[in-house]
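As structure tokens, the structure follows; a few thoughts come after it.
The values are calculated or read from the model by the stated rules, or taken from the named source; none is laboratory data. Computed from a prediction, not measured in an experiment: that's the story for all the values here. Positions of Cβ are generated from backbone atoms using ideal geometry, with glycine treated the same way; all protein chains shown enter the neighbour counts. All accessible areas refer to the heavy atoms of the entire protein, side chains included, with ligands and DNA or RNA removed. Shrake-Rupley method; radii C 1.70, N 1.55, O 1.52, S 1.80 Å.
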Amino acid sequence: MSEPIRLEQLPWPEVERVCKDAGGFLILPIGATEQHGPHLPINCDTVIAESLCHYASAKTGIPVLPALSFTVSSGHTSKWPGTFSLTHETFIHKIEELAAWAVATGWKKLLLVNSHFGNDASLRVAVEKIRLRFFGDLQVGLKNTFHLSDSIWSYFISDADDLHANKAETDLLLHLAPETVRMDLVEDDPDRTEGTVFSYPVAQTSLNGITGAPSEGSSERGRTLFSEMGEALSLAIESAKTETPPLEPSLWSDLQLPPT
């Protein structure tokens, strides 16, 4: 497998060349900086997102932007140190501004690759805003790393539906960054949200910032899971290289849209 194309390591003439070679296709990894229980580092989600995007870049030749590590983690509250969050509005605006710069510098396709559950709602709003603001000029999409296939999602929720710092995330970090994992401090905590009607911040559902059974974490399983996730993301990116709007441009190119 080739090396990933990491845009932050390239001077602008090479960025320009890479943009043309990739058909204007760009990947943006999105993680978080937040508490992940007593055993995982606060960059857990960022490590997962960036590592998967680098894997897929090496497989597909599509370049990767530096990962966003400060995102929406407000649901973790201030109960445990280590969480640093943007507001939803700031985060959405941040994604929209990055998309504007992508369009201004020649990019045509932007795939957001997110590994943090708390970002999903804001990112869906950002995608809606971007696809209308840059209608016909930029294709934008969102992939959540934990939902790249049915089997991946099934494994992620195998020890908790409202998971956090659980078995799957521990598996991945034991494979990707084992030196940052403290299995000597690991503590399981059950999912207490089954049957609930309302939505609750983690401070109201977890004793230690965990939801799941990270004590069952395995680096061997992490290696297998990471490979499965990387291949699924690579497959999606390969398909997206040639994807076009379902209807031909003559049916929508002159459409007048309200301001976003």
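With respect to the chain, whose longest principal axis is taken over its alpha-carbon atoms, helix 44-60 is tilted by about 40°. Relative to the longest principal axis of the Cα atoms of the chain, the long axis of helix 219-241 lies at roughly 20 degrees.
Surface analysis of the range 133-260 yields an accessible area of 57 Å² per residue, using protein heavy atoms and a 1.4 Å probe. Electrostatic tally near Asp21: other residues with Cβ closer than 14 Å to its Cβ, Lys and Arg +1, Asp and Glu -1, net +3.
With the charge dipole of the range 220-260 set up from +1 on Lys and Arg Cβ and -1 on Asp and Glu Cβ about the Cα centre, the Cα lying farthest toward the positive end among the listed residues Gly230, Pro259, Pro245 is that of Gly230. When only the Cβ of Lys, Arg, Asp and Glu is charged (+1, +1, -1, -1), the dipole of the chain relative to its Cα centre reaches about 700 debye. Taking amide H atoms as placed 1.01 Å from N in the peptide plane, list the residues 5 or more away in sequence, or in a different chain, whose amide H sits under 5 Å from that of Val140. Result for Val140 returns Leu110. So how far, in whole Å, is the C-alpha centre of the range 59-136 from the one of the range 192-217? What the calculation gives is 25 Å, centre to centre. In this simple spin-label approximation, Gln204 and Glu231 carry label points 7 Å from Cα along the Cα→Cβ vector, and these lie 4.2 nm apart. Taking 0.36 nm per residue of separation and subtracting the current Cα-Cα distance, fully stretching the chain between Ala104 and Phe135 would add 9.8 nm. FRET efficiency for the pair Arg192 and Asp254, taken as 1/(1 + (r/R0)^6) with r the Cβ-Cβ distance and R0 = 35 Å, rounds to 0.05. Counting only residues at least eight positions apart within a chain, or on another chain, the lysines with an alpha carbon under 23 Å from that of Lys94 are Lys108, Lys109, Lys129, Lys143. Computed from phi, the 3J(HN,Hα) profile of the range 119-130 under the Karplus parametrisation 6.51, -1.76, 1.60 (θ = phi - 60°) reads 8, 4, 4, 5, 5, 5, 5, 4, 4, 4, 5, 5 Hz, with x in place of Gly and Pro. When the chain is described by a simple charge dipole with +1 on each Lys and Arg Cβ and -1 on each Asp and Glu Cβ, the residue from Tyr155, Pro81, Thr33 located farthest towards its positive end is Thr33. The value of relative contact order for the chain, using C-alpha pairs under 8 Å at least six residues apart, is 22 percent.
Counting only DSSP beta bridges with both residues in the chain, the antiparallel share comes to about 15 percent.
Which of (i) 22.1, 74; (ii) 18.9, 62; (iii) 17.1, 49 is the computed Rg and Dmax of the Cα atoms in Å for the structure on display? Answer by label: (ii).
If you line up the long axis of helix 12-21 against the longest principal axis of the chain, both from Cα atoms, how many degrees apart are they, to the nearest 10? Here the helix axis deviates by roughly 80 degrees.
Expressed to the nearest 5 percent, the antiparallel share of DSSP beta bridges inside the range 1-145 is 5 percent.
Restriction of the chymotrypsin sites (Phe, Trp or Tyr not before Pro) in the range 75-169 to DSSP coil positions whose beta-carbon has at most 11 other beta-carbons within 10 angstrom yields no sites.
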